[in-house]
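K.L.:
Handing you this structure, nothing more for now.
The values are calculated or read from the model by the stated rules, or taken from the named source; none is laboratory data. Owing to the predicted nature of the structure, the values given are computational and were not obtained by experimental measurement. Methodologically, a virtual Cβ is constructed for each residue, glycine included, from the backbone with ideal geometry; neighbour enumeration extends over all protein chains shown.
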Amino acid sequence: MSDLNFWYPALLFPAIPLMMISFGNRYSTLAALIRGIHDSIILNNSTLLSKSYLDQLRILTTRLQMVRFMQTLSAISFLLNLLTIYSSYLGFQDWALFIFGFAVLSFFLAIIVFIIEIQFSFKALSSHLADLHDFKNPKI
């Protein structure tokens with residue numbers, strides 16, 4: 001193995017924390033949406049939920065699970081990347097390459113889930129836009 005193999009984890013190293021920040025921001029946004037819907041339902045003492053609320057809750061639940069999965073996969077990828085660096089430092093190049101492969105695979109899966117979650121987000125926003133298009137504003 002060449003001495004250049006020691007730096008290949010550096011290619012993945014900066015990308016993972018940046019994506020984790022992005023996923024964290026998505027989580028914060030979802031948390032705010034969920035809290036807003038929760039407060040709206042609780043403050044109105046609504047025991048009957050409209051179809052719109054139920055659809056929103058279903059999509060938000062799915063999106064929240066996806067964000068959790070993305071964050072978990074990214075964290076695993078980050079840990080595996082660190083383990084790759086450490087294995088390479090100890091001179092276990094074969095192990096380092098093997099571990100790095102799993103780090104890349106984990107990060108790849110996180111990005112795939114991210115793409116799917118974006119589609120759910122788009123679907124939710126499109127639903128809101130459709131509601132606005134259907135809304136008839138009375139003339140004053």
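K.L.:
Name the single residue, out of those in region 4-51 being within 24 Å of the chain's Cα centre (by Cα) and at pLDDT below 70, that is nearest to G91 (Cα to Cα).
P.N.:
Restricting to residues being within 24 Å of the chain's Cα centre (by Cα) and at pLDDT below 70, the top hit is P9.
K.L.:
Let me ask another. So F135 fits all but one of (1) modelled with pLDDT of 80 or more; (2) farther than 19 Å from S22 by Cα; (3) aromatic (F, W, Y); what number is the exception?
P.N.:
Single failed check for F135: (1).
Yes/no matrix, rows are residues, columns are (1) at pLDDT below 90; (2) closer than 22 Å to M20 by Cβ:
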position	(1), (2)
L54	yes, no
T62	yes, yes
L80	no, yes
F98	no, no
